[in-house]
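Just below is one structure, and these are the notes that go with it.
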Amino acid sequence: MNTWDILLWVVVPYVSIAVLVLGTIYRRRYDKFGWTTRSSQLYESDILRWGSPMFHVGILLVLIGHVGGLLVPKSWTQAVGISDHAYHVVAVGMGSAAGFLLLVGMAILILRRRLVGPVFSATTRNDKAMYLILAVVILLGLWTTVRVNAVGPGYDYRETVSVWFRSLFRLDPQVELMAGVPLGLQLHIVTAFVLIAVWPFTRLIHAFSMPIGYFTRPYVVYRSRDPQPARTRTSAWGDRP
Amino acid sequence: MRVMAQMAMVMNLDKCIGCHTCSVTCKQAWTNRPGVEYVWFNNVETRPGQGYPRTYQDQREWQGGWVRTRTGRLKLRSGGRIKRMLSIFANPKLPKIQDYYEPWTYEYEHLLTAPAGEHTPVAQPTSLITGEPTKISWSANWDDSLAGGNELIASDPILARVSGQVKQEFETAFMFFLPRICEHCLNPSCAAACPSGAIYKRAEDGIVLVDQDNCRGWRMCITGCPYKKIYFNHRTGKAEKCTFCFPRVEIGMPTVCSETCVGRLRYIGLMLYDADAVGRAAAVKDETDLYEAQRSVFLDPRDPEVIRAAQAAGIPDDWIEAAQRSPVWDLIMKYEVALPLHPEYRTMPMVWYIPPLSPVVDVLRDTGHDGEDVDNLFGAIDALRIPVEYLAELFTAGDPAPVHAVLRKLAAMRSYQRRINLGETPDESIATAAGMTGPQIEDMYRLLAIAKYEDRYVIPAAHAETAAGLEELATGCSLDYEGGPGMGGPFGEASGRIAPVAVESFHVLAERQRADQHAEVTDPDAPPRRVNLLNWDGRGRPAGLFPPRQEEQPPGEQR
């Protein structure tokens, strides 16, 4: 266990998660006005209608896969009678399908963003950097899944990466488990933590406003004018710099 | 009974000359910012015509508003909550920017930098969306005054519903203007479609607003609104809409569109309504019953029981009193000449319209008949099926009876008042023919033709104790207002706290609009005051605009 190991498997994850949490709180506190999907559908709708659902459904499936793979210990799935082989087949199968959906969706969206004039001119430098990181993370993840598990001999990350990941939250990081992890997967993990750190400062923050409350609230919302004297309310009309 | 107050508007279409002053001043006030270049909270469209955005009234295409299900409940036409959430990644029915129009600017710089040459340099149009040179081919009122003729009118979705025979003679038949703002509906489908719950109806005055901090840009409201009066700011990624100029209305001033309307065709007032009855009224089975159903929701502000219930609901007494004086109540309930725009959308809109008689009068005049003779007018209303059918498609879900009744009243008023104008004895039979009485007609005439500023706009100011959240009032100084702008402090001009400029302008404007004289102040002993040039009406010599004259010089010496 050298300095690099500590840096990559202890410092980076903790810093990244801390930045994610604090950054999100910061945006929620001081930049609600900037918190939006920044949709470009007004400029271009036909391509978006294919690309966007593919990408979003794909990434949600991938998210579910990651939650299952990282947070559910191997012993639990074994306990309910799922054999390791069955788990592996399902995980790789569904992972590849979701990943493919994600990849095609992302390709469509990035090409659209580059090739459709109005969409491209509405793309900020922040967006470009975010797309780069996001694409690298997704490509590395897919590459690892296909290369190591589907084509290659297979690698049981549930014995190493998952255990290490859970140990982070017990505040007892088991760095030694990460030593033998394939390079591709290591890169995927490190870049993913970079993505997590920049998350709240990019448009990706809209993922945290999934409108679950829509299912339960009444259709028409009534609100009274604020009975309290306004404190430091920001303008409702966005006259910010 | 749950009494709520609603700020409402009525527009008298006979008076609209299509000058677009309302649109322009509204745009200057609210949407002259990047991201909303294409947005007109107030627009004036020519009927027949395609409207803005194009063909927005075709709800089979655009899926706005509510529909009644077989079980008698209301459902958004674009689908229920689950369908909406499933389509959240790409709204299947969002108008494109081209359906509004692609905003543009001109290369003004070229006019200055072009080298000297044979031809006068021109400023090429440039798209504000792509930044590329563009060819202007559509705008918010491209088909203004029937420009484009049959080719463009043919796409009018309302015209498509009027029978085929009508279309032939239509072009020669009539044309009128329809100014539109947000309807501030009692049953807003935009709010119902918002996944974030960012669109809300204000409990005090019913104004529908978008909370800019909570909007996440899902764009469902744009589909949900059948009037397409919610717009997407493509720079901020948030929805924006007409605010009924709430900062003005809160201090008793009319909206900018009303204030600047040269035809003085807009009326603003309060309506009290029973919030518990809205859902049932919006879900009546027959679309043609919706006009009456909505009228049944309104509560008579003079009814003692309503007054008690309103007080119990916390509505202040001066608001109840304002509701009693409301011109909107008179036009909708007393004279029954105002009709809702597209009641069949089931949103219970609260900007109503007095349908125009002018198309009928125009035809009479153009064919050499007397356009003020009551028999001619009544006959023409019955004979000219086209305008009546078209108006009915706009205002009563296709039922011509209420439109007929309104036009007969307007015609009767026209004939009745002409006799008075010519010094003849008023003819009570004219009034009776329209189901009114002579005094009623005179009252209605007063309201429609000569109502003063205070009669057209009966707007109770928001209460200081409830309005503390207002942006500028929150500084706490605006209501300490005394002695004119900038004169508050004990140490002369500009001492003391600063009056916010908006509040300052509003008060001066209010003073000017209510004054019977020009801005000139003749009292030589009046203390010097600062003149706000923004509010100077250009007439007279307000005190303080020029330094006082030394003394009159003999006329000979000036030459």
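The values are calculated or read from the model by the stated rules, or taken from the named source; none is laboratory data. Just so we're clear, the structure is a prediction, and the values are computed from it rather than from any experiment. Every residue, glycine among them, receives a Cβ derived from its backbone with ideal geometry; neighbour counts consider all protein chains shown. When the accessible area is computed, the model is the full protein with side chains, heavy atoms only, and any ligands, DNA or RNA have been set aside. Shrake-Rupley method; radii C 1.70, N 1.55, O 1.52, S 1.80 Å.
See the values below:
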| read-out | value |
| --- | --- |
| Answer residue from region A:6-57, given it is surrounded by 14 or more Cβ atoms within 10 Å (Cβ to Cβ) and of a type in the set (Asp, Glu) and is modelled with the lowest pLDDT among those | A:ASP31 |
| In region B:387-409, the residues that are assigned to a helix (DSSP H, G or I) and open to solvent by 10 Å² or more (accessible area, probe 1.4 Å) | B:GLU389, B:GLU393, B:PRO400, B:ALA401, B:PRO402, B:HIS404, B:ALA405, B:ARG408, B:LYS409 |
| Only one of B:ARG216, B:ARG266 that is basic (Lys, Arg) and out of contact with any His (no Cβ under 7 Å at 6 or more places or on another chain) | B:ARG266 |
| Pair list, Cβ < 8 Å and 6+ apart or interchain, from region A:44-63 residues that are more than 8 Å from chain B (Cβ to nearest Cβ) and hydrophobic (A, V, I, L, M, F, W, C) to residues that are in a helix (DSSP H, G or I) and surrounded by fewer than 17 Cβ atoms within 10 Å (Cβ to Cβ) | A:MET54/A:VAL104; A:LEU61/A:MET94; A:LEU61/A:ALA97 |
| Scope region B:233-258; condition over 26 Å from B:PRO157 (Cβ atoms), touching a Lys or Arg at 6+ places or on another chain (Cβ under 8 Å) and more than 13 Å from chain A (Cβ to nearest Cβ); matching residues | B:PRO254, B:THR255, B:VAL256, B:SER258 |
| Any pair with Cβ under 8 angstrom, 6 or more apart, that starts in region B:124-143 at a residue that is within 21 Å of A:ALA122 (Cα to Cα) and ends at one that is part of a loop (DSSP other than H, G, I, E, B) and polar (S, T, N, Q) | B:PRO125/B:THR134; B:THR126/B:THR134; B:SER127/B:THR134; B:PRO133/B:GLN124 |
| Unmet requirement for B:THR71, which otherwise passes all of (1) open to solvent by less than 50 Å² (accessible area, probe 1.4 Å); (2) not in a helix (DSSP H, G or I) | (1) |
| Wholly enclosed helices (runs of 4 or more DSSP H) of region B:106-225 bearing at least 1 residues open to solvent by less than 10 Å² (accessible area, probe 1.4 Å) and among the hydroxyl-bearing types (Ser, Thr, Tyr) | B:189-193, B:220-224 |
| Selected residue [farther than 29 Å from B:PRO254 by Cα and surrounded by 15 or more Cβ atoms within 10 Å (Cβ to Cβ)] from B:VAL458, B:VAL374 | B:VAL374 |
| Flag if A:ARG38 is basic (Lys, Arg) and not in a helix (DSSP H, G or I) | yes |
| Cβ-Cβ under 6 Å pairs, at least 6 apart or on other chains, region B:152-165 side farther than 14 Å from B:THR46 by Cβ, far side at pLDDT 85 or above | B:PRO157/B:THR55; B:PRO157/B:GLN57; B:PRO157/B:ASP58; B:ARG161/B:GLU393; B:VAL162/B:GLU389; B:VAL162/B:TYR390 |
| Residues of region B:81-101 that turn out to be part of a loop (DSSP other than H, G, I, E, B) and more than 9 Å from chain A (Cβ to nearest Cβ), as a count | 2 |
| Unique match (being within 14 Å of chain A (Cβ to nearest Cβ) and either farther than 24 Å from B:ARG81 by Cβ or at pLDDT 90 or above (or both)) among B:ILE181, B:ILE158, B:ILE230 | B:ILE230 |
| Enumeration of residues in region A:146-195 that are open to solvent by less than 40 Å² (accessible area, probe 1.4 Å), hydroxyl-bearing (Ser, Thr, Tyr) and closer than 24 Å to A:SER96 by Cβ | A:THR160, A:SER162, A:THR191 |
| Test set (1) at pLDDT below 95; (2) open to solvent by less than 50 Å² (accessible area, probe 1.4 Å); (3) closer than 20 Å to B:LYS409 by Cβ - B:ILE315 fails condition number | (3) |
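Listed here are the residues, each with its yes/no results for (1) assigned to a helix (DSSP H, G or I); (2) within 14 Å of another protein chain (Cβ to nearest Cβ); (3) modelled with pLDDT under 90; (4) touching a Pro at 6+ places or on another chain (Cβ under 9 Å).
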{"position": "A:ASP172", "(1), (2), (3), (4)": "no, no, no, no"}
{"position": "A:GLY180", "(1), (2), (3), (4)": "no, no, yes, no"}
{"position": "A:ALA192", "(1), (2), (3), (4)": "yes, no, no, no"}
{"position": "A:ALA207", "(1), (2), (3), (4)": "yes, yes, no, no"}
{"position": "A:TYR214", "(1), (2), (3), (4)": "yes, yes, no, yes"}
{"position": "A:GLN228", "(1), (2), (3), (4)": "no, yes, yes, no"}
